[in-house]
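Asks: Take a look at the following structure, please.
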Amino acid sequence: MIRAEDIEKLFDKQLARIKNPELRAGVVKAWVMGCERGGYGSVDELRKMPFTLLTDCHGVSFVEHTLAVTDGAVGLAEAQASSYAKLPYAIDMDRLVAGGLLHDVGKLVEIQQDGQGGHAKSRSGKCMRHPISGTVLAALAGLPDEVLNVIACHAKEGEGRPQVIETVLVHLADFATFDPLVMKNKGSLIE
């Protein structure tokens with residue numbers, strides 16, 4: 001069984017960036033609930049989970065993807081804050097990190113272990129995509145609407161919808177990690 005301490009250790013660097021202790025605890029709670037509902041009993045199982053079933057991940061795991069998206073979104077925010085003479089909008093770094101860590105938390109119930117060392121779409125995943133199931137998990141964990149917006153609207157479900165700035169940054173970081181793999185698999189990535 002994955003406990004709060006396991007998630008805190010797995011994402012220690014990123015969680016340390018969240019100054020609000022209630023928000024940090026809510027992120028951990030959502031992860032623990034997702035692991036339980038998705039049948040992930042150990043961090044080792046999480047580390048073996050691919051971040052998507054839509055394309056060949058070339059060994060990039062769900063945990064690695066989550067870290068890359070979170071750190072990438074923070075990098076985008078920091079680049080704007082340090083480069084613009086005056087930032088035209090406020091970026092809430094606590095919400096940004098929380099949203100990055102949670103943007104794909106619904107995949108814990110969308111993707112299941114297939115019992116043969118691989119992974120497959122779960123029944124829940126066939127009923128709803130991870131932005132929806134992840135938003136439900138985060139709401140049950142008591143997270144604020146702005147963080148729910150990041151989760152619900154980071155993918156195609158958010159196209160044309162009102163978004164907090166943190167959603168925009170997480171979306172861009174997410175697709176910066178996904179699109180190159182799709183392009184590589186289609187032969188359109190110039191290497």
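Values quoted throughout were computed directly from the atomic coordinates according to the rules given, and no laboratory measurement underlies them. Treat the numbers as computed from the prediction; the structure is a model and nothing was measured. Neighbour counts run over all protein chains shown; Cβ positions are idealised from the backbone, glycine included.
Asks: Quick test of the membrane-span-like rule: which DSSP H helices of the chain reach at least 20 Å along their long axis (C-alpha atoms) with mean Kyte hydropathy at least -0.5?
Replies: 21-38, 62-83, 165-186
Asks: Would you mind ranking Ser122, Ser133 so that the residue whose beta carbon has the fewest other beta carbons within 10 Å leads the list?
Replies: Ser122, Ser133
Asks: What FRET efficiency comes out for Asp114 versus Leu87 if R0 is 30 angstrom and r is the Cβ-Cβ distance? Round to the nearest 0.05.
Replies: With R0 = 30 Å, the Cβ-Cβ based efficiency is 0.05.
Asks: Of the peptides 28-38, 157-167, how do they stack up when ordered by the mean number of other Cβ atoms within 10 Å, highest first?
Replies: Taking the mean over residues of other Cβ atoms within 10 Å, the ranking is 28-38, 157-167.
Asks: Something else: Give me, ordered by chain and number, the residues 5 or more places off Ile111 or on other chains with an amide H under 5 Å from its own placed amide H.
Replies: Ser122
Asks: Can you pull the one-decimal nm distance between simple spin-label points at Val43 and Ala139, each 7 Å off the Cα toward Cβ?
Replies: 3.2
Asks: May I pose another question? Quick one: compute a quarter of the convex hull surface over the Cα atoms of the stretch 4-185 and quote it in nm².
Replies: 10.5
Asks: Could you work out the relative contact order of the stretch 4-185? I mean the mean sequence separation of Cα pairs under 8 Å and 6+ apart, divided by the number of residues, in percent.
Replies: 26
Asks: Given R₀ = 22 Å, FRET efficiency for Asp12-Gln80 by Cβ-Cβ distance, to 0.05?
Replies: 0.30
Asks: Separate question: Which aspartates and glutamates does Lys48 reach when only Cα atoms under 17 Å apart count, and residues fewer than 8 places away in its own chain are ignored?
Replies: Asp6, Glu36, Asp56, Glu64, Asp104, Glu110, Asp114
Asks: Additional query: Do the sum for the chain: with -39,500 (n - 2.57) for every DSSP H run of n ≥ 4, divided by all residues, what is the mean residue ellipticity at 222 nm, to the nearest 500 deg cm²/dmol?
Replies: -19000 deg cm²/dmol
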